[in-house]
Structures are given as structure tokens and as C-alpha cells.
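The values are calculated or read from the model by the stated rules, or taken from the named source; none is laboratory data. As the structure is a prediction and not an experimental result, all values here were calculated from the model. Don't worry about glycine lacking a Cβ; one is built from the backbone with ideal geometry, like all the others, and counts go over all protein chains shown. Calculation scope for accessible area: heavy atoms of the full protein, side chains included, ligands and nucleic acids excluded. Shrake-Rupley method; radii C 1.70, N 1.55, O 1.52, S 1.80 Å.
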Amino acid sequence: MKSLSFLAALSLLASTLPLVISSDPSPLQDFCIGVNTPADGVFVNGKFCKDPKLATADDFFFAGLHNARAVTNAVGSNVTAVNVNNLPGLNTLGISLVRIDYGVKGQNPPHTHPRATEILVLQEGTLFVGFVSSNGDGNRLFTKTLNKGDAFVFPEGLIHFQFNVGRSPAVAFAALSSQNPGVITIANTVFGSNPPINPNVLSRAFQLDPKVVIDLQNKF
């Protein structure tokens with residue numbers, strides 16, 4: 001009987017373990033204000049914890065997300081991140097936020113978040129959005145055209161994008177399931193690595209002439 005109980009408990013643990021390790025660690029205290037210096041602090045999940053007795057409301061506050069951001073880069077978007085690096089009260093809480101401003105025909109190019117699922121809500125404009133499933137699922141493309149008030153979810157780690165298909169600028173807000181989700185922009189990573197990836201590697205991978213690869217690397 002004891003053996004059966006042990007096996008049942010072990011099975012339950014095995015079934016829940018993936019849920020435990022699939023997102024940021026759950027905190028064991030009310031909060032852990034992230035600081036970069038070890039003075040009187042304890043290192044927790046990438047940051048030192050500020051003495052909780054010294055915490056103030058400002059540690060949990062970020063202002064100005066209502067303000068439009070200038071869009072001047074080549075891809076036509078501006079991402080304003082609110083994560084543990086500029087809102088220290090997020091440390092250990094497993095969540096963050098971004099505001100994305102899109103110019104006309106602007107895009108948030110194909111990218112991934114290695115540590116987070118993302119849910120995006122469109123505040124203004126019209127966006128064409130989508131993600132691609134993994135190799136094992138056949139690299140299927142899931143897309144949708146979003147209008148004001150619509151939401152769309154991008155699963156953790158999958159390549160996704162947003163493109164402004166409207167005639168005016170667009171604005172979206174997105175929540176992510178990590179205090180520091182990270183971002184890997186595919187084109188920048190592949191063609192703009194430091195040092196550059198050998199063009200012969202990329203030419204075979206993308207079935208391109210090496211001269212085309214070198215030209216792309218020069219752009220990034």
C-alpha cells in the first residue's frame with residue numbers, strides 16, 4: 001500500500017514538474033526589489049534583493065506609457081519595455097509589459113522571447129500578426145488581422161511578428177510571463193552576429209549565394 005502511495009505521489013510530481021519549471025520561479029516573500037549591488041542584499045533570480053523595510057511605492061511604479069514614442073528606425077516600430085531592469089519591483093514576480101508604437105507599414109519583425117509567453121492587445125490601428133509553430137509541428141503559420149480592442153497570444157519561444165497594415169500609426173500593449181523575457185530578433189541574430197557567422201554556413205542554410213549572404217550581413 002505504501003509503495004502504491006509513493007508511486008502515486010511520484011506520478012503527480014512528474015506531471016506537475018513541467019509546470020513548475022516553465023516560467024519564472026515563484027517568490028517565497030511578498031516582494032524582492034531588484035538592485036544591482038550586494039550591499040545588505042540577497043541574490044534572487046538575477047538581482048540582489050533590497051531590504052524590504054526600505055521598499056517604497058516608487059519601486060513598483062513606472063510612468064509615461066500613455067505617451068507616443070517616435071518611430072525612426074528601419075523596421076518602423078518602437079518597443080518600450082517595462083521589465084525588471086527599469087521597474088525593480090517586478091523582480092521574482094514573473095511578469096512584464098511592453099508598449100509598441102508602429103509607423104505606417106511599420107513592423108515588429110520576426111523574433112522570439114526565450115523565457116515568456118506574450119499576450120498582445122491592440123489599442124489603436126490595424127495589425128497583421130502571427131507566429132510559426134516548431135519543426136515537430138510542421139512549422140505551421142497562424143495569423144490574424146487585429147483591430148482596436150483585439151488580443152492575440154504568442155506561445156513561449158515561438159517566432160512571431162506584427163505588421164501595421166492600416167493607413168495610420170498603430171499602438172499595442174503586450175504582457176509577458178517573465179520579469180525579463182528576453183528577445184531574439186531573427187534577422188539581427190542570424191545576419192548581425194558578432195563575429196559574423198561564416199557566409200558559407202548561412203548560404204547553405206538559406207539556399208542563397210554567399211554574395212547575397214555577405215550583402216545581408218553588411219546591412220546588419
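For residues that are over 24 Å from residue 173 (Cβ atoms) and basic (Lys, Arg), scanning just segment 28-77, find the one that is modelled with the lowest pLDDT.
Among residues in segment 28-77 that are over 24 Å from residue 173 (Cβ atoms) and basic (Lys, Arg), the one modelled with the lowest pLDDT is 47.
What do you reckon, is residue 167 free of Cβ contacts under 8 Å to residues at least 12 places away in the same chain and open to solvent by 70 Å² or more (accessible area, probe 1.4 Å)? Walk me through how you get there before you give the answer.
Working: free of Cβ contacts under 8 Å to residues at least 12 places away in the same chain: no; open to solvent by 70 Å² or more (accessible area, probe 1.4 Å): yes.
Spelling it out, it is not the case that residue 167 is free of Cβ contacts under 8 Å to residues at least 12 places away in the same chain and open to solvent by 70 Å² or more (accessible area, probe 1.4 Å).
Of (1) open to solvent by 20 Å² or more (accessible area, probe 1.4 Å); (2) at pLDDT 95 or above; (3) charged (D, E, K, R), residue 118 satisfies all except one. Which?
Single failed check for residue 118: (1).
Check residue 104 against each of (1) buried (at least 20 other Cβ atoms within 10 Å of the Cβ); (2) modelled with pLDDT of 95 or more and name the one condition it does not meet.
Failed condition: (1).
Among the residues of segment 72-88 satisfying the criterion of being assigned to a loop (DSSP other than H, G, I, E, B) and closer than 12 Å to residue 182 by Cα, which is most open to solvent (accessible area, probe 1.4 Å)? Show your work before the answer.
Initially, segment 72-88 is screened for residues assigned to a loop (DSSP other than H, G, I, E, B), giving 72-76, 83-87.
From what is left, the residues that are closer than 12 Å to residue 182 by Cα are 83-85.
Numbers: 83: 25, 84: 8, 85: 100 Å².
Taking the candidates together, the pick is 85.
Picking from 180, 91, which residue would you name as being in contact (Cβ under 8 Å) with a residue 24 or more places away in the chain, out of contact with any His (no Cβ under 6 Å at 6 or more places or on another chain) and open to solvent by less than 30 Å² (accessible area, probe 1.4 Å)?
91
Just checking, how many residues over segment 84-109 are of a type in the set (A, V, I, L, M) and over 15 Å from residue 60 (Cβ atoms)?
Filtering segment 84-109 down to residues of a type in the set (A, V, I, L, M) leaves 84, 87, 90, 93, 95, 97-98, 100, 104.
So of that shortlist, the ones also over 15 Å from residue 60 (Cβ atoms) come out as 98, 100, 104.
Going through segment 84-109 one residue at a time, the tally reaches 3.
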